[in-house]
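Enquirer: Could you have a look at this structure, given as C-alpha cells, before my questions?
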Amino acid sequence: MAAKREFKANEVRSIVATYEKGYGLEFLAEKYGVGTGPIRQVLVDNDVAIRGRGRPSAETVKARGRLRSGPGGPPARQPAEATA
C-alpha cells in the first residue's frame with residue numbers, strides 16, 4: 001500500500017481554490033501526482049461540496065464564458081423544407 005500523501009497548508013488552499021474555480025478532481029489529481037481519493041478527502045475535510053460527474057452548472061459554464069444552448073452544444077439544424 002502506498003504511503004499517504006500529506007499536503008502542505010499552501011497546497012490545501014490551492015486545491016480548494018482551484019476546485020472552486022471549476023477544475024475537476026482528475027485535473028487536480030494529475031497536478032499533484034495522486035489519485036482522486038486524496039484530492040476528494042482534502043475537499044471534504046475543508047467543507048467543499050463535491051460536484052457530480054454530470055454537466056457543469058450553468059453558473060460554472062457562464063463563468064468560463066462558454067455558455068451553450070442545449071445539452072451538448074448548439075441547437076440542431078432544422079431540415080430544409082422540401083421543394084415540390
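The values are calculated or read from the model by the stated rules, or taken from the named source; none is laboratory data. Small disclaimer: the values here were computed from a predicted structure and weren't measured. Virtual Cβ from ideal backbone geometry, glycine too; neighbours counted across all protein chains shown.
Enquirer: Quick check on the stretch 2-11: of everything there that is among the small types (Gly, Ala, Ser) and either touching a helix residue (DSSP H, G or I) at 6+ places or on another chain (Cβ under 7 Å) or assigned to a loop (DSSP other than H, G, I, E, B) (or both), which residue is modelled with the highest pLDDT?
Expert: ALA3
Enquirer: Which condition does LEU25 not pass, out of (1) in contact with a helix residue (DSSP H, G or I) (Cβ under 9 Å, 6 or more places away or on another chain); (2) of a type outside the set (Val, Ile, Thr); (3) over 22 Å from ALA63 (Cβ atoms), if it passes all the others?
Expert: Result: LEU25 passes all but (3).
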